[in-house]
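Read-outs: derived from the displayed coordinates by stated rules, not from any lab. These numbers were taken from a predicted model, which means no experiment stands behind them. All Cβ positions, even for glycine, are placed from backbone atoms using ideal geometry, and neighbour counts span all protein chains on display.
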């Protein structure tokens, strides 16, 4: 959930205040608040930049293909100590505990690819959250070491535990971040909330939120993955189309291959290794995904912060 207010720095100092005109009508906000006017101007400039990148180079009525800039993911740390200490950020690993216990799960490449797709935010400390079932923020009791109280707390009510990572995430123009729970991993009685954040322009942080499904207690371990950050193109659905049609009508060759695959799948159903070979390795498919090359986070720490 976007959050225009930073948590305190652990010394009792509040973060920057939100706009004092937030409750006013949009036109009143623009007229009254210089920060809002500057933000609107910045958004307009970025939208104009995107529009220019979409414009055809000639008079052709066919829209030009949108070319996204190379993905340059940046995590801009706000504070390295107090509530900002101990958090981790890593490329999402391929393995999951439940898959280790059923190793045939790793033969499903789409599952393994989803495990790795993006970066994970790791919990800095053990967290114990108990919900009494009431809807207000006071209904969730969060137990953490005192230094983490500003950044791990009950903020929204409805049985939700809120984590405020110590980074402002930044992506190039045209890239958003889809914040979700760790792929193919779950917690009993607790579900991650998801959101898409416009990190190419948004100068506010956002929070990671888990909702307790029923009253009870949930524990997050230090180093546990809290969420997965997946880059998605901002223009994914711009000029998009969608169609439902018989497969034999539009792709007869695919229909033939599908029938052959279904027949082989039925034959393999009773065998120990029952995954079709085309799932294990895509034959004749260029640039087929077998491992996701998510770059590791390179740390740039000024000398003054080295200690």
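Could you order peptides 100-108, 234-242, 82-90 by the average number of other Cβ atoms within 10 Å of their residues, highest first? Please report the intermediate quantities before stating the final value.
Details: 100-108: 12.0, 234-242: 10.1, 82-90: 18.7.
Packing proxy ranking, top to bottom: 82-90, 100-108, 234-242.
Run the simple label-point estimate for residue 85 and residue 297 please: 7 Å along Cα→C-beta, distance reported in nm.
1.7
How much length is gained on full extension from residue 243 to residue 41, taking 0.36 nm per residue of separation minus their Cα-Cα distance? Walk me through the intermediate numbers first.
Numbers: separation 202, 0.36 × 202 = 72.72 nm, distance 3.75 nm.
Working it through step by step, the gained length comes to 69.0 nm.
Using mean Cβ contacts within 10 Å as the protection proxy, how do 72-81, 170-179 order, highest first?
Numbers: 72-81: 15.2, 170-179: 19.5.
The peptides rank, most packed first, as 170-179, 72-81.
Once the Cβ-Cβ distance between residue 196 and residue 113 is put in as r, and R0 is 25 Å, what FRET efficiency do you end up with, to the nearest 0.05?
Details: r = 20 Å, r/R0 = 0.80.
E(calc), rounded to 0.05, equals 0.80.
Multiply the residue gap between residue 68 and residue 253 by 0.36 nm, knock off their C-alpha separation, and tell me the result in nm, one decimal place.
Details: separation 185, 0.36 × 185 = 66.60 nm, distance 3.22 nm.
Taking 0.36 nm per residue and subtracting the Cα distance, the gain is 63.4 nm.
Quick one: 99, 113, fewest Cβ neighbours within 10 Å first, how do they rank? Please report the intermediate quantities before stating the final value.
On the way: 99 18, 113 15.
The order, fewest Cβ neighbours first, is 113, 99.
Under the rule a/c < 1.5 gives rounded, and otherwise a/b versus b/c splits prolate from oblate, where does the range 72-234 land using the Cα gyration tensor? Can you show the working numbers first?
Details: a/c = 1.67, a/b = 1.13, b/c = 1.48.
Judged from the Cα gyration tensor, the range 72-234 comes out oblate (a/c at least 1.5, b/c at or above a/b).
Spin-label point model (7 Å from Cα, Cβ direction): what's the residue 261 to residue 95 distance in nm?
Those two pseudo-labels are separated by 3.0 nm.
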